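Okay, structure first, notes after.
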Amino acid sequence: MKKLILLSLGLLLYNFVSAQNQTTLKIIESAEYNDEVTANDILAIHTTSTGFTGVVRDSKKDILFDIFDANLNKVFSKTIDSDRKETFVGEVFYGDEIKFFTVYAPEKTERIVYCHTFNLQNKTATKEKLFETTVEKSQELFSGGNKRQTSFAMSPNGNYFAVATDNIKKNANSYTVRVFNASNLELVFEKAYQEHEERFFQHNDLAIDNDATVYSLGKLYIKGRSEKKNGEANYQFVLNKLSQADTNAITIDLAEEHILSLNISMVSNQLNLLGFYSEKNVFKIKGGCNFIIDMDAFAVKSKKIYKLPIEIYEDLYGEDKADNKKDKELSNFYVDYVLKDTNGNTYVLAEAFYVTQTYVSTGYGVTMVTTPHYDDILILKFDAQGELNWGRSVFKKSTSPSYNAFLKGDDLHVILNSGKNLLEKKDGRTKVSKGIFESSALYDFVYTSNGEVSYNKIQDNSGNTYYVPFYGTYENDTFIMTSDGKKKKQFMILK
């Protein structure tokens, strides 16, 4: 009996230790810093080519702008008053500047959009009114429940940025794109599109090229706003092309696919419209899809549909169960990152997100507790021709936004917190979660260009500063993330 217990402990230890490699990234921690105003909600973080890192944070009454030098010592700080009716809606970054956008709602129908320009080189922060408009009945100006920011886009050369807004009225649906000169914030042009008395357009993604031509992608519903009618998709995807001189649109027809949303990836002289499809409904996933658009002809060049690779099911269910599960559709995944490497490959990462509600006794009665779940991650790699190269997944459980991702060389890095020891289960799966009494650790999951994965530990969090990868940024071959601010305020750099 004693030998059996020792053998079991030995096997358990092997399951833990076999997954523990040390990251090959260089780790640097900054000195601690203090705040005059408490604000832990990070809205934007970026690093310039000269090594200055800008952080924009939000408190109840203020917006904080901080600049840190190459050694992550704070060298500048400015606080700007904000109103409870002023809300962060997006940001873009190019060169030395973070452009940070807020919308102010002084009245039920009045909306004012401001652009805060945060120059990290000159150590200045300014606020200018970008435009104002009206809405009906407290209508949202910026739509979309997507976890990714989709209403703002910067041109690759940094000369222009585009803003997409909803202008839904009582008797008509209407949408507007505004293009601004990035250096002086002057309006280059404004175009309304998809104006219709009955059909509703749901914005998915936005892109702008170096010639200030804007591409707005979304769903155009056929009747009402339901996703299905008689079992068929009740929508078409529409790609709108808007320039100062013209407005065009093409329809991306579907066969038996149901697609929650598509995301734009600009590669050379074509657009890849990437996403996940289902044969049942938009909240499930059967595989990945790519609609390739010829930008010169502005036409659908090809449509590619791929079932999820078997490796995804092996990662989620184990090798023995993967064959039986490969026809199972996955649920509740939302795209977080669309990353492109220097060879034209595109990586799409999506995370399972859902909410559960349970009743808990308080001693004085019963209250409902709402718990968000940020679970498994899906990864698909498409090559420059739009073909699916490979797919993997992360078997994960969490109740908070927990990961970030970036491309360094030919490798994809997924940075996340998990339990102190990753659990390698007997069926071959590696489970990413934290037990009730288990301490946590920070990990670097590395995927090679061929989809092979290694699980590398960055640090044990016990006794160390706890860092939050979700609030991180990757620029100039360097990933920077901040601490949660509960005990220490620091940064970690991964090079």
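The values are calculated or read from the model by the stated rules, or taken from the named source; none is laboratory data. As the structure is a prediction and not an experimental result, all values here were calculated from the model. Ideal geometry is used to build each Cβ from the backbone, glycine not excepted, and the neighbour counts take in all protein chains shown. These area figures cover heavy atoms from the full protein model, side chains too; ligands, DNA and RNA do not enter into them. Shrake-Rupley method; radii C 1.70, N 1.55, O 1.52, S 1.80 Å.
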A student applying the Cα gyration tensor rule (rounded when a/c is under 1.5; otherwise prolate if a/b is larger than b/c, oblate if not) would label region 383-495 oblate
Counting only protein heavy atoms and leaving out ligands, DNA and RNA, the solvent-accessible surface of F189 at a 1.4 Å probe, in Å² to the nearest 10, equals 10 Å²
For S439, other-chain or 5+-apart residues with amide H closer than 5 Å (H placed, Pro excluded) are K420
Carbon plus sulfur, as percent of the 1.4 Å-probe accessible area of the chain, comes to 46 percent
Links exceeding 23 Å between C-alpha atoms in this model, out of K60/K486; K303/K381; K396/K489; K60/K487, come to K396/K489
In terms of the charge dipole of the chain, which places +1 on Lys and Arg and -1 on Asp and Glu at the beta carbon, the residue among A255, Q459, S151 farthest towards the positive end is Q459
Between the alpha carbon centres of region 263-292 and region 293-311 the gap in Å comes to 7 Å
Expressed per residue, the solvent accessible area of the chain in Å² (1.4 Å probe) is about 47 Å²
Across all Cα atoms of the chain, Rg and the largest Cα-Cα distance (Dmax), in Å, are 23.7, 82
Restricting to Cα pairs under 8 Å and 6 or more apart, the percent relative contact order of region 352-409 works out to 28 percent
In the chain, taking the dipole from +1 charges on Lys and Arg beta carbons and -1 charges on Asp and Glu beta carbons about the Cα centre, the listed residue (S440, L407, I208) farthest towards the positive end is S440
The answer for chymotrypsin sites (Phe, Trp or Tyr not before Pro) in region 373-472 that fall in a DSSP coil and have at most 13 neighbouring Cβ atoms within 10 Å is F437
Region 348-419: spread of alpha-carbon positions along the three principal axes, whole Å, largest first, is 61, 23, 14
For region 52-175, one quarter of the surface area of the C-alpha convex hull, expressed in nm², comes to 8.7 nm²
In whole percent, the Cα-Cα distances of region 163-238 spread across 10 Å bins from 0 upward as 18, 43, 26, 11, 2, 0
Sequence order, region 397-407: Karplus ³J(HN,Hα) from phi using 6.51 cos²θ - 1.76 cosθ + 1.60, θ = phi - 60°, Hz rounded, Gly and Pro as x, gives 9, 7, 10, 8, x, 10, 9, 9, 8, 7, 9
Given pairs K431/K457; K426/K495; K408/K457 and cut-off 22 Å on Cα-Cα distance, the over-length ones are K426/K495
Scalar couplings 3J(HN,Hα) for region 334-351 by Karplus 6.51 cos²θ - 1.76 cosθ + 1.60 (θ = phi - 60°), nearest whole Hz, x for Gly and Pro, are 10, 5, 9, 9, 10, 10, 10, 9, 6, 9, x, 6, 10, 10, 10, 10, 10, 10
With the convex hull built on the alpha-carbon atoms of region 341-384, volume per residue in Å³ sits at 61 Å³
Answer in debye to the nearest 20: the dipole magnitude of region 262-311 about its Cα centre, from +1 Lys/Arg and -1 Asp/Glu charges placed on Cβ, is 260 debye
Given backbone amide H placed at 1.01 Å from N, residues whose amide H is under 5 Å from that of N234, ignoring those fewer than 5 places away on the same chain, are K228, K229
Taking the chain and counting helices only, DSSP H stretches of n ≥ 4 at -39,500 (n - 2.57) each over all residues, the nearest-500 ellipticity at 222 nm comes to -2000 deg cm²/dmol
Relative contact order as a percentage, region 366-453, C-alpha pairs under 8 Å and 6+ apart, gives 25 percent
Going residue by residue through region 456-464, the Karplus relation 6.51 cos²θ - 1.76 cosθ + 1.60 with θ = phi - 60° gives ³J(HN,Hα) values, rounded to whole Hz and with x marking Gly or Pro, of 10, 7, 8, 6, 7, 7, 5, x, 10
